[in-house]
Amino acid sequence: MTHKQTDKTIGSRACRLLTVLALGALLIGGGVRADEDCPVSENLRGHENTEWSRGYAYHLTDAKKGLPRVLLVGDSICCGYEGNVRRHLEGKVNVSYWASSYCVTSPNYLKLLAFYLDESEYAVIHFNNGLHSLKTPDDDWEKGFAAALDLIQKKQPKAKLVWCSSTPLADAALTEKVKKLNERGRKVAEKRGIPENDLFSLLDPLDRKENWTDKYHHKPPVREKAGRQIAETILKYQQNRGDER
């Protein structure tokens, strides 16, 4: 549904609500544009044609509900690996995830993030934001990124927060942009004593033609590779957290 169609059918107020909830396409949108006529809240980056938000929490009421819970935060790359993470951690921890197209500079990003942070007490939070921010001014992204980390640590002070670097792309120029955002993210995370799960370095040596499905996304073996490293990282910090108590 386009913004114009939404405005005509349900009005701009309802359009804003639906955009915040944003159950839309799972693939990264085809380009970013700043459109003054876009009938949703202001966004420094500009809106993608389809903004989306997707979250799942598993094992809320069954026999596994008492296991420690972790939260994965990311974008469509997270949607690709979360199933592998859950499989590797089955019976050890319960995995929730929230993935979205919103940049950390969006007024709605922290609202949506806060919703998922308030849903449960998490042992580990694995956080990423970046690939939907490649046209965001670097300084503004860094401020938004820092605000997101601060919100997580404020709402989940007992959780072990791990920052995950954004993954490389099939496009060389965009990959250079990802490197710059990762450098800024690393600086912010290190200042707060937040460890890194470096998915960029894990995947960057791989051949793009053999392992990428498009400019952004990966074939199943790569998603499995990423999921395995994430699961190992989560388990390490979950075990360390248990030893500290």
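The values are calculated or read from the model by the stated rules, or taken from the named source; none is laboratory data. All values reported here derive from a predicted model rather than from experimental measurement. Positions of Cβ are generated from backbone atoms using ideal geometry, with glycine treated the same way; all protein chains shown enter the neighbour counts.
Some observations on this one:
- Residue in segment 20-28 that is out of contact with any Cys (no Cβ under 6 Å at 6 or more places or on another chain), modelled with pLDDT under 95, farther than 21 Å from Leu149 by Cβ and assigned to a helix (DSSP H, G or I) present: yes
- Residues satisfying the stated conditions in segment 182-230, i.e. out of contact with any strand residue (DSSP E or B) (no Cβ under 9 Å at 6 or more places or on another chain) and closer than 16 Å to Arg87 by Cα: Pro220, Pro221, Arg223, Glu224, Gly227, Arg228
- Residue match in segment 161-171 (condition: more than 17 Å from the chain's Cα centre (by Cα), modelled with pLDDT of 95 or more, farther than 24 Å from His47 by Cα and not β-branched (Val, Ile, Thr)): no
- Residue within segment 164-180 that is within 18 Å of Val70 (Cα to Cα) and either in a helix (DSSP H, G or I) or of a type in the set (A, V, I, L, M) (or both) present: no
Yes/no per residue for (1) of a type in the set (A, V, I, L, M, F, W, C); (2) touching an Asp or Glu at 6+ places or on another chain (Cβ under 9 Å); (3) under 30 Å from Val93 (Cβ atoms); (4) surrounded by 21 or more Cβ atoms within 10 Å (Cβ to Cβ):
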position	(1), (2), (3), (4)
Glu183	no, no, no, no
Leu199	yes, no, yes, yes
Arg208	no, yes, no, no
Asp214	no, no, no, no
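- So Ser133, is it on the phi < 0 side of the Ramachandran plot, hydroxyl-bearing (Ser, Thr, Tyr) and within 16 Å of the chain's Cα centre (by Cα): yes
- Thr136 passes every criterion in (1) touching a residue at least 60 places away in the same chain (Cβ under 8 Å); (2) β-branched (Val, Ile, Thr); (3) assigned to a helix (DSSP H, G or I) apart from (3).
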